[in-house]
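Colleague: Below is the structure I would like to discuss, written out as structure tokens.
Here, each number is a calculation from the coordinates, and none is a lab measurement. Keep in mind the model is a prediction, meaning the values are calculated, not measured. Reconstructed Cβ throughout: ideal geometry from the backbone, glycine too, with neighbour counts over all protein chains shown.
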Amino acid sequence: MKIYITGPMTGCEDWNRIRFHCAELRLSCAGHTVLNPAKHIPMVNPEAITHGEYMAIAKAMIDCCDAVYLLDGWEQGKGAQIEEAYATEKFKGLIYEGDL
């Protein structure tokens, strides 16, 4: 299964990359193909890409996936809320971190 990861990023230390990478490893080891948006945040000057541009990239990635994996606390992420709603609208499966 192809899975996109979502969760809080803005305001988190190092954009929450560690949690995203750990989730990617866990899902990959279970045999899934994982799209990890934390890999697409530039290390230098991440603010050069607007939130709207990040959301356009995220939606394109979600379109390619079967499901979205929601990290605990996703409700606190503005982008994660948009991604969850978009995934629901597109009839993608939702997998909650706490359920695994």
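Colleague: Name the residues in the range 23-36 that are under 12 Å from the mean Cα position of the chain (by Cα) and either in a helix (DSSP H, G or I) or in contact (Cβ under 8 Å) with a residue 60 or more places away in the chain (or both), would you?
Modeller: ALA23, GLU24
Colleague: Among the numbered criteria (1) under 9 Å from THR6 (Cα atoms); (2) free of Cβ contacts under 8 Å to residues at least 12 places away in the same chain, which one does GLU75 miss?
Modeller: Evaluating GLU75 over (1) under 9 Å from THR6 (Cα atoms); (2) free of Cβ contacts under 8 Å to residues at least 12 places away in the same chain leaves (1) as the failure.
Colleague: Return yes when ILE3 is in contact with a His (Cβ under 6 Å, 6 or more places away or on another chain) and closer than 24 Å to PHE91 by Cβ and no when it is not.
Modeller: Taking the combined requirement at face value, the residue satisfies it.
Colleague: Follow-up. Of all residues in the range 73-91, which are surrounded by fewer than 13 Cβ atoms within 10 Å (Cβ to Cβ) and not charged (D, E, K, R)?
Modeller: ALA85, THR88, PHE91
Colleague: Same structure again: Of the numbered conditions (1) part of a helix (DSSP H, G or I); (2) of a type outside the set (Val, Ile, Thr); (3) free of Cβ contacts under 8 Å to residues at least 60 places away in the same chain; (4) surrounded by 12 or more Cβ atoms within 10 Å (Cβ to Cβ), LEU94 fails exactly one; give the number of that condition.
Modeller: (1)
Colleague: Got at least one residue in the range 39-60 being surrounded by 12 or more Cβ atoms within 10 Å (Cβ to Cβ), of a type in the set (A, V, I, L, M) and in contact with a His (Cβ under 7 Å, 6 or more places away or on another chain)?
Modeller: The answer is yes; a qualifying residue exists.
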